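Student: Quick one: this structure, given as structure tokens, is what I'll be asking you about.
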Amino acid sequence: MSRPRPQGELAHYAYIYPGGVHVYSAGESIIEGAGYPHEGRNEGDEDVVLMVTYVIPEGQPLAETDLANCDH
């Protein structure tokens, strides 16, 4: 079985970028830090395929969806 290849573009929204957004193309790397709100969106017509590795404490959720629990 072959692995899927990265494809598409991911719009990554976070205050750390000038203008609040950076668009990543297939094959580019992204490291998301903890402690700041951020969101990734597919705003194009092509599917986005990501290769993801999560490094989190055991038992913690992969994402925090309640912004009240995030650092501001």
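Student: How about region 14-72: which of its residues are open to solvent by 80 Å² or more (accessible area, probe 1.4 Å) and touching a Leu at 6+ places or on another chain (Cβ under 6 Å)?
Tutor: TYR54
Student: For region 17-55, how many residues are in a loop (DSSP other than H, G, I, E, B) and on the phi > 0 side of the Ramachandran plot?
Tutor: 2
The values are calculated or read from the model by the stated rules, or taken from the named source; none is laboratory data. In this text the structure is predicted, and so the values were computed from the model without any measurement. Please note: Cβ atoms are built from the backbone with ideal geometry, for glycine as well, and neighbour counts cover all protein chains shown. Just the protein is used for accessible areas: all its heavy atoms, side chains included, with ligands, DNA and RNA removed. Shrake-Rupley method; radii C 1.70, N 1.55, O 1.52, S 1.80 Å.
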